[in-house]
C-alpha cells in the first residue's frame, strides 16, 4: 500500500468509474484496476463492487476511503509545512470571496501571489457574504474576503480595502446628470435590490438604519441574485440601484450608466479578510493571509 494507490482508489470512488478515474490520473484503465486489486489483496477484502458501468465502494471500501483521504490530506500538509519552513509555499488553497471582492479584488491578489510563489495552486469560490461566512465557519474555506463585518465572534476580521457604493442610473435617466441626489427624492424611484444574503444589501440596510429608514420604504421593483444581473437591469432601464463603483467602472466610463453620490448616506464600506479564529491556518493559507494584509497596508 502506498499513497499513490490510495489516491487512485479515492479517485475511483469519487468518480464512480475506473475509466474516468484513469483519465483523471493519466493512467490506463488496466493500470488503475491493477492498483485497486493490489489494495484489495493487501487488505484481504473486496473494496469496489463493479455494478455495470458504476464502481461502488463496499463497506470496507467506504472505511478505507475515509482514512485514505485523511492520509492524503496529512501528506499534503506535510509537504506544505516543509516548503513553508524553506520559504517556498506549495500546495492547494481554496479562498472564498463575496461578489465584489471575489470578482474585482481577489483575482489580482491571487495573480500577484502566484507570481511570487509559482508552485502553489489557488482556487476561488464566489458566493454572497452570508454563504462565504458560513463556509469559513464550517471549515470548507480557510479564509474569505467579504463586504460586511461579520457579527460572529468566532471569526477574526482584518480590513483589506474599501469600496464606494453609489446610486446607479441608466443613461438618459432624469437624475443621470445631477452628480448627486437627495435620499428623499429616491422613494418614488423604481429600485433594484440584491438578495438578503448579499453584503451590498446588508451594508445598504445598515446605512439606511442610521437614518431611521428601512429598505421596505422604497419602491423595490425587483430582487436580483447577482451584481451583474442588477447592473444589466439598470442598463436596460428597469430601475435604479445602489451598486459598487468597482462593479460599474467600465459602464461609467462608457456612459452606459451614471453613478450619483447620496450625501445623506455614508456609503463607503470596508472589505474584510476573515477566517475562523478557532482553527490554525495551514502554512500556505498563512502565507496568503500575510501577503494580502501586507499588500493592503501598502495601499492604505
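Quick notes on this one:
- Ranked list, fewest to most other Cβ atoms within 10 Å of each Cβ, for 201, 219, 46: 219, 46, 201
- Cβ-Cβ FRET estimate between residue 63 and residue 295, R0 fixed at 51 Å, reported to 0.05: 0.70
- Relative contact order of the chain: 21 percent, from C-alpha pairs under 8 Å at least 6 residues apart in sequence.
- Looking at segment 162-268 alone, DSSP beta bridges between its own residues are antiparallel in about 55 percent of cases.
- Exposure proxy for 169, 90, 58: other Cβ atoms within 10 Å of each Cβ, ordered fewest to most, give 58, 90, 169.
- Value of [θ]222 nm, deg cm²/dmol, for the chain, DSSP H segments ≥ 4, -39500 (n - 2.57) each, nearest 500: -14000 deg cm²/dmol
- With the convex hull of the Cα atoms taken as the outline of the chain, the averaged projected area works out to 20.2 nm².
- At full extension, residue 27 and residue 162 could sit 43.8 nm farther apart than now, given 0.36 nm per residue minus the alpha carbon distance.
- Cα gyration tensor, segment 162-268 - rounded (a/c under 1.5), prolate or oblate: rounded
- Remark on segment 119-161: hydrodynamic radius 11.3 angstrom, per the Kirkwood mean of 1/r across alpha carbon pairs.
- For the chain, the longest principal axis of the C-alpha atoms and the axis of helix 129-138 are separated by about 30°.
- Segment 1-143 - Debye-derived log10 I(q)/I(0), Cα point model, q = 0.22 Å⁻¹: -1.19
- Cβ-derived FRET efficiency at R0 22 Å, residue 217 paired with residue 151, nearest 0.05: 0.40
- Distance from segment 191-215 to segment 101-131 (C-alpha centre basis), Å: 27 Å
- For segment 3-85, diffusion coefficient by Stokes-Einstein and Kirkwood Rh (Cα), 20 °C, 1.002 mPa s, µm²/s: 163 µm²/s
- Separation in nanometres of the label points that stand 7 Å from Cα toward Cβ, at residue 82 and residue 42: 1.9 nm
- Of all DSSP-defined beta bridges confined to the chain, some 55% are antiparallel rather than parallel.
- Likely footprinting exposure, 187, 291, 218, 242, fewest C-beta neighbours within 10 Å first: 187, 291, 218, 242
Read the figures in this text as sums done on the coordinates, not as results from a lab. Keep in mind the model is a prediction, meaning the values are calculated, not measured. Neighbour counts are summed over all protein chains in view; Cβ atoms, including those assigned to glycine, are modelled from backbone coordinates with ideal geometry.
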